[in-house]
Amino acid sequence: MDPVYIARHPAAAWRRLEDEVIVISASDSSLFTLNEVAAEIWECADGRTPLAEIVAQHIVTRYDVGFDEAYSDARELVEQLAGKGILIVSGEPITGGDGR
Amino acid sequence: MQRESARFRVVINIGGLATGFVGTDLAIAQSLERRYHGYLASPLAPATCEFTVVRATARVEGDNAGVEITHHDGRWFIRRGSLSAEYDPVAARGSAHLDDRPYDIDSLLRIVHTLLLAREGGFLLHAASAVRDGHALVFAGASGAGKTTICRLAPPDAVLLTDEISYLRPTAYGYTAFGTPFTGELGIPGMPISAPVRAVYLLAHGDRTRIEPMRPAEAVRSVLRHVLFFATEPESVQAVLNAVCQFTRSTPVYRLEFRPEPDVWERI
């Protein structure tokens, strides 16, 4: 499995609210709400931690789901968020994310 | 011999933030004084920001032109129809080419106040608001949701702050709503007064009056959908998001379905 790295886009404003994360794209003011699992992945998107490690450590251990299914869902999620312009996805570690 | 034109200075105070306009086109001065009659400060008053204004050469009919705001080299550049402006937030000075009709000046004021308020934890909301019993009630909703209707149903002791754009910023008394001259369907400017906000109601028409509290995340999402967003720089957008989160932590937010009958005001 090739490593996948994810980083929050620096033009995305966001806040955690209870078990959700609200994200606003600064480029077009679009508003997104991430559910509990997506919020976990979002908060771990530091550009340095591989997606597989995020899924293994934060999703599989907390939710009743196998790694393969969780990773497949996570890949789909991060591609969607990248398509919205609020997440960066790369095969290499990413510098220049929001750095939080 | 060249004769120097007379210069004017008009200061408009909305929400405690004074915006100065200087120029030589007296038609623009008269338009400002007429439209913002209740919000004029002394021409000598200090201003939070100041614009040199000249008449735009291009004219665009209607007020449906899209807003284009860019930010580079530390300056904001604003275009909307015949309005073209730039603003340096460090110097608190800018210049604008605009028409003497209401659209341009209203647009410039709304945009500038939005950008200034973001730094102070405030924001503009598509919402009607009114003061009753010393507190402000805010009624947010898209066009057709009932902002004008709720204003028309207001009892005599309610003082209208706006029927279209609510002005919200934190003060020593908590989040406070200020009157604005920005009008909607009602066409009546709000009174230039302020009061701490008691509650926000997200409006929807219904077959009976029903009020339900919103949980925090839902409240933030709902309020955000009605915030006037012009900024495109991430810091300003983050500031607005933080402001809305702070606002909804300290202010109850309700969903209000209502029938257009006067007793709705007694229920809230």
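Indicate, rounded to the nearest 5 percent, the antiparallel portion of the DSSP beta bridges found entirely in the protein assembly as shown. Don't skip to the answer; put the middle values down first.
Working: 67 of 88 bridges.
Given both bridge residues lie in the protein assembly as shown, the antiparallel proportion sits at roughly 75 percent.
Given R₀ = 30 Å, what would the calculated FRET efficiency be for B:Ala41 paired with B:Tyr254, taking r from the Cβ atoms and rounding to 0.05? If you can, show how the numbers build up before the last one.
Values: r = 35 Å, r/R0 = 1.18.
The value I calculate is 0.25.
How large is the helix-only mean residue ellipticity at 222 nm for the protein assembly as shown, computed as the sum of -39500 (n - 2.57) over DSSP H runs with n ≥ 4, divided by its residue count, in deg cm²/dmol to the nearest 500? Intermediate values should be presented prior to the final figure.
Numbers: 9 runs with 92 residues, N = 368.
Result for the protein assembly as shown: -7500 deg cm²/dmol, rounded to the nearest 500.
If you take each beta carbon of peptide B:211-222 and count the beta carbons of other chains within 10 angstrom, what is the mean?
3
Compare each residue of region A:31-48 in its chain alone against the assembly with all protein chains, and report those whose accessible area goes down by 40 Å² or more; 1.4 Å probe, heavy atoms.
A:Leu31
Can you tell me which of A:57-66, B:162-171, A:15-24 comes out highest on packing, and rank the rest after it, using the mean Cβ neighbours within 10 Å?
On the way: A:57-66: 12.5, B:162-171: 24.2, A:15-24: 18.5.
The most tightly packed comes first, giving B:162-171, A:15-24, A:57-66.
How shielded is B:118-129 by partner chains, expressed as the average number of their Cβ atoms within 10 Å of its Cβ atoms? Don't skip to the answer; put the middle values down first.
Numbers: counts 0, 0, 0, 0, 0, 0, 0, 0, 0, 0, 0, 0.
Taking the mean over all residues of the peptide, I get 0.
How many nm is it between the label spots at A:Met1 and B:Ala142, if each spot is 7 Å from the Cα in line with the beta carbon?
Between A:Met1 and B:Ala142, the label points sit 4.0 nm apart.
Would you mind computing Rg(Cα) / (2.2 N^0.38 Å) for region A:5-90, counting N as its residues? Kindly include the intermediate steps, with their values, before the conclusion.
Details: Rg = 12.2 Å, N = 86, 2.2 N^0.38 = 12.0 Å.
Ratio of Rg to 2.2 N^0.38 Å for region A:5-90: 1.02.
What does the highest-first list of B:210-216, A:85-91, B:18-24 look like by mean Cβ count within 10 Å?
B:18-24, A:85-91, B:210-216
Residues of A:19-30, mean number of Cβ from any other protein chain within 10 Å of their own Cβ, rounded to a whole number?
Values: counts 1, 5, 1, 7, 1, 9, 3, 11, 3, 2, 9, 0.
Rounded to a whole number, the mean comes out at 4.
The values are calculated or read from the model by the stated rules, or taken from the named source; none is laboratory data. This is a predicted model, so every value here is computed, not measured. Glycine also receives a Cβ, built like all others from the backbone with ideal geometry; neighbour counts cover every protein chain displayed. Just so you know, the surface numbers come from the protein's heavy atoms only, side chains and all, with ligands and any DNA or RNA stripped out. Shrake-Rupley method; radii C 1.70, N 1.55, O 1.52, S 1.80 Å.
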